[in-house]
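**Q** Provided herewith is a single structure, encoded as structure tokens, for subsequent inquiry.
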Amino acid sequence: MENPVGALRASADRLHVLVSGLDDEQLVSPSYCDAWSVAQVLSHLGSGAVIAHRSLDDARAGTPTPDDFNQSVWDEWNAKTPRAQADDALVADEALMQALDAVPEDERAGLRFSMGPMSLGFNDLFGLRLNEHAFHTWDIAVALDDDAVVPEDAVAVIVDNLSLIARFSGRSDGQDRTIAVRTTDPVRDMVLRLSNEGVELTAGEPGQSPDLELPAEALSRLVYGRLDADHTPVVTGDAGLLATLRAVFPGP
């Protein structure tokens, strides 16, 4: 997987610019995530940054992270005021970025991180952080500007990191089906398989005839449950598939 740190840095910088000028009323206004205000999205990103920072420090030191650490962080951030959630999120985000920048390239290759039953490498874990960061930044951006999109530099990394996410975010409708998908910007050929066993997104054959063609930005939002009809670009092929796939990937 491509090193995600550069794209994550760009996303962190964009978030800072986006949020720094928001007033208290805007912070408590709804984000794209129906259940969360803008401040609550920022709280999620800020607490996630603290948890990721601790995971990084512990992995470098070769020590386990206490089992109750994550919950203690969530409790702390849930108790903050909306203004503190916003301000502290930017501080925590920057602290994480500085910590990532401080890890030498040759050390990154040897780091391992536990996430439930999975063991992830440096690029895997912080690729997932990029996904989370980019989409939650979009959750805020689109609440302020209906034409907001996930930026190209983030999409270029995210589109190659969708297979793992699709396994968890997808909800099969019980019908066996194989759908060939091609993306643009960047171009990727993929195969989406739906079955009683779940959802699988894998690389397809270059030059395959796609059932659906759409921008990689749109496919990425689809897998994360963020491709509603009002935020869908022009697609090529069987546009009726979008209704099926929106049900497969219901999102937050």
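The values are calculated or read from the model by the stated rules, or taken from the named source; none is laboratory data. Because the structure is a prediction, the values reported are computed rather than measured. Every residue, glycine among them, receives a Cβ derived from its backbone with ideal geometry; neighbour counts consider all protein chains shown.
**Q** For segment 1-76, which fully contained helices (runs of 4 or more DSSP H) count at least 3 residues that are surrounded by 14 or more Cβ atoms within 10 Å (Cβ to Cβ) and at pLDDT 95 or above? First the steps, then the outcome.
**A** Working: elements: 5-20, 24-27, 38-61.
Qualifying helices (runs of 4 or more DSSP H): 5-20, 38-61.
**Q** Which of the residues spanning segment 136-151 are surrounded by fewer than 19 Cβ atoms within 10 Å (Cβ to Cβ) and assigned to a loop (DSSP other than H, G, I, E, B)? Full working, then the answer.
**A** Taking segment 136-151 as the starting set, the residues that turn out to be surrounded by fewer than 19 Cβ atoms within 10 Å (Cβ to Cβ) are 143-149, 151.
Scanning segment 136-151 gives Asp145, Asp146, Asp147, Ala148, Val149, Pro151.
**Q** Still on this structure: Is one or more of the residues making up segment 102-117 closer than 25 Å to Glu200 by Cβ and either buried (at least 18 other Cβ atoms within 10 Å of the Cβ) or not assigned by TED's automatic domain parsing to the domain that holds His16 (or both)?
**A** yes
**Q** Looking at Gly174, Gly251, Gly225, Gly207, can you tell me which residue is in contact with a Phe, Trp or Tyr (Cβ under 7 Å, 6 or more places away or on another chain) and at pLDDT below 90? It would help to see each step written out before you state the result.
**A** Numbers: Gly174 fails: in contact with a Phe, Trp or Tyr (Cβ under 7 Å, 6 or more places away or on another chain); Gly225 fails: at pLDDT below 90; Gly207 fails: in contact with a Phe, Trp or Tyr (Cβ under 7 Å, 6 or more places away or on another chain).
So the residue among Gly174, Gly251, Gly225, Gly207 that is in contact with a Phe, Trp or Tyr (Cβ under 7 Å, 6 or more places away or on another chain) and at pLDDT below 90 is Gly251.
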